[in-house]
Amino acid sequence: MAITEDAPPGADVGSPPGPGSPRVSSPLVLTLILLLAVLAQSPIRGLLGTPLMQSWMTVFVAVTLQALPFLVLGVLLSAAIAVFVPPAFFARALPRRPALAVPVAGIAGAVLPGCECASVPVAGALVRRGVTPAAALAFLLSAPAINPVVLTATAVAFPRDPEMVLGRFAASLLVACAMGWLWQRLGRTDWLRPPAHGAHEGATKGEAFWSSVRHDTVHASGFLVLGAMAAATLKAATPADWLRTAAGNPVFSVLALAVLAVLLSICSEADAFVAASLTQFSLTAKLVFLVVGPMIDLKLFAMQAGTFGRGFALRFAPATFALAVAGGLLTGAVLL
């Protein structure tokens, strides 16, 4: 047994810790948290009983419960499409001319449900199978924003403003096609570096389906909770004067919700309920929130960089953000 110069004679370096050595494990951490919760139950009960926390919990629970069925449905459908619909189908269905393939791919997002987590790998698979990158990118942007699940969720979240559904569809499709045509004109092949193999290649269809469902459910539900927490905090903890001041400035309100959409990274099946809870803001600002979020946020930037390369993401993300804000504003001015 090797002995270092500083170790005492007979000491075994690298041997497992003895019975008395402290070890931290997940059950131990959970036990300590539960013990602390029991000891501090009186302060916690008093805190939850305040009007501020009751208002926070009401908004948080309402947003989460309203959005959860649409999130689950979207995850199941997007996993089924990503696994069971062969990418060759899209290659055969799209026109050969890129200028025509872009709007066709964009409209295809309206009939093929898929959240952001699914649209990025599907777009990577399309590029690998020979689909023109401009069309694949148009599909990447449109599928999470205008599919039936998302539009139905938007209609449920805005029952008194049905024009929000049409506005979201029109603005998102417009931006998706514009980005596809922009890439066709200015994009370079060396900016786009899709992986050689898909994430689930080599696995059976059943394994790939349930793996995709588990992955998307964990990620999407986590972002939903964060989004619901942020919406509840804005609603309950932010002074009403601040929100009225922010919402009263048309330019600042739009930019604020656009940036918020990027930071919150909410799944598109759930973002309409968060937007509807921000009652101080105008419908146009909420529309910009709904257009920006499914196209570019923190998790999407990371996924696009991992799928197509960091150079692509650094160019694609800012252009998408600018066009999404402009498209939401233009559509809002016409329809809302």
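The values are calculated or read from the model by the stated rules, or taken from the named source; none is laboratory data. Being a predicted model, the structure only gives us computed values, none of them experimental. For neighbour counting, all protein chains shown are included, and Cβ atoms are generated from backbone atoms with ideal geometry for every residue, glycine included. Ligands, DNA and RNA are stripped out before the accessible areas are found, and what is left, the full protein with its side chains, is counted by its heavy atoms. Shrake-Rupley method; radii C 1.70, N 1.55, O 1.52, S 1.80 Å.
Inside region 219-256, can you point out the residues that are over 20 Å from residue 56 (Cβ atoms) and modelled with pLDDT of 75 or more?
245, 248, 249, 250, 251, 252, 253, 254, 255, 256
Yes or no, residue by residue, for (1) over 18 Å from residue 120 (Cα atoms); (2) modelled with pLDDT of 80 or more:
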residue: 175; (1), (2): no, yes
residue: 185; (1), (2): yes, yes
residue: 190; (1), (2): yes, no
residue: 197; (1), (2): no, no
residue: 206; (1), (2): yes, yes
residue: 209; (1), (2): no, yes
residue: 212; (1), (2): no, no
residue: 215; (1), (2): no, no
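If I ask for residues that are more than 19 Å from the chain's Cα centre (by Cα) and assigned to a helix (DSSP H, G or I), which ones from region 128-158 would you list?
Across region 128-158, the qualifying residues are 128, 133, 134, 135, 155, 156.
Of 314, 287, which residue is over 14 Å from residue 264 (Cα atoms) and either open to solvent by 30 Å² or more (accessible area, probe 1.4 Å) or touching a His at 6+ places or on another chain (Cβ under 6 Å) (or both)?
Details: 287 fails: either open to solvent by 30 Å² or more (accessible area, probe 1.4 Å) or touching a His at 6+ places or on another chain (Cβ under 6 Å) (or both).
After ruling out the rest, the residue left standing is 314.
Determine whether residue 260 is out of contact with any Leu (no Cβ under 7 Å at 6 or more places or on another chain), surrounded by 19 or more Cβ atoms within 10 Å (Cβ to Cβ), within 21 Å of residue 60 (Cα to Cα) and free of Cβ contacts under 8 Å to residues at least 60 places away in the same chain.
In short, yes.
Return the residue satisfying two criteria in turn: it lies in region 100-111 and is outside any helix (DSSP H, G or I) and surrounded by fewer than 22 Cβ atoms within 10 Å (Cβ to Cβ), and of such residues it is modelled with the highest pLDDT.
Among residues in region 100-111 that are outside any helix (DSSP H, G or I) and surrounded by fewer than 22 Cβ atoms within 10 Å (Cβ to Cβ), the one modelled with the highest pLDDT is 110.
Condition check ((1) farther than 20 Å from residue 153 by Cα; (2) among the hydrophobic types (A, V, I, L, M, F, W, C); (3) out of contact with any Phe, Trp or Tyr (no Cβ under 8 Å at 6 or more places or on another chain); (4) modelled with pLDDT under 75) across all residues:
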position: 26; (1), (2), (3), (4): yes, no, yes, yes
position: 36; (1), (2), (3), (4): yes, yes, yes, no
position: 55; (1), (2), (3), (4): yes, no, yes, no
position: 65; (1), (2), (3), (4): no, yes, yes, no
position: 72; (1), (2), (3), (4): no, yes, yes, no
position: 75; (1), (2), (3), (4): no, yes, yes, yes
position: 81; (1), (2), (3), (4): no, yes, yes, yes
position: 118; (1), (2), (3), (4): no, yes, yes, yes
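Out of all the residues in region 86-99, is one or more within 26 Å of the chain's Cα centre (by Cα), within 26 Å of residue 291 (Cα to Cα) and either modelled with pLDDT of 85 or more or among the aliphatic types (A, V, I, L, M) (or both)?
no
Which one is farthest from residue 191 (Cα to Cα) among residues in region 290-336 that are part of a helix (DSSP H, G or I) and of a type in the set (Val, Ile, Thr)?
Per the criteria, the residue is 334.
Pairs only if they're at least six apart or on different chains, beta carbon under 6 angstrom, first in region 232-255 and aliphatic (A, V, I, L, M), second assigned to a loop (DSSP other than H, G, I, E, B); list them, first residue then second.
Hits for this filter: 243/280; 247/280; 247/281.
Answer yes if at least one residue in region 289-308 is more than 29 Å from residue 217 (Cα to Cα), of a type in the set (Ser, Thr, Tyr) and either modelled with pLDDT of 90 or more or out of contact with any Leu (no Cβ under 7 Å at 6 or more places or on another chain) (or both), and no otherwise.
no
I'm trying to understand the selection: among the residues of region 267-284, which are closer than 27 Å to residue 250 by Cβ and either open to solvent by less than 10 Å² (accessible area, probe 1.4 Å) or of a type in the set (Ser, Thr, Tyr) (or both)?
Listed by number, the residues that qualify are 268, 270, 271, 272, 273, 274, 275, 277, 278, 279, 282, 284.
Select from region 62-76 the residues that are open to solvent by less than 60 Å² (accessible area, probe 1.4 Å) and of a type outside the set (Ser, Thr, Tyr) and list them in ascending order.
At the first step, the residues of region 62-76 found to be open to solvent by less than 60 Å² (accessible area, probe 1.4 Å) are 62-64, 67, 70-71, 74-75.
Within region 62-76, 62, 63, 67, 70, 71, 74, 75 qualify.
Going through region 298-323 one residue at a time, which ones are under 14 Å from residue 137 (Cα atoms), free of Cβ contacts under 8 Å to residues at least 60 places away in the same chain and over 12 Å from the mean Cα position of the chain (by Cα)?
305, 313, 317
Output the residue which, of all residues in region 144-176 that are of a type in the set (Gly, Ala, Ser) and touching a residue at least 40 places away in the same chain (Cβ under 8 Å), is surrounded by the fewest Cβ atoms within 10 Å (Cβ to Cβ).
170
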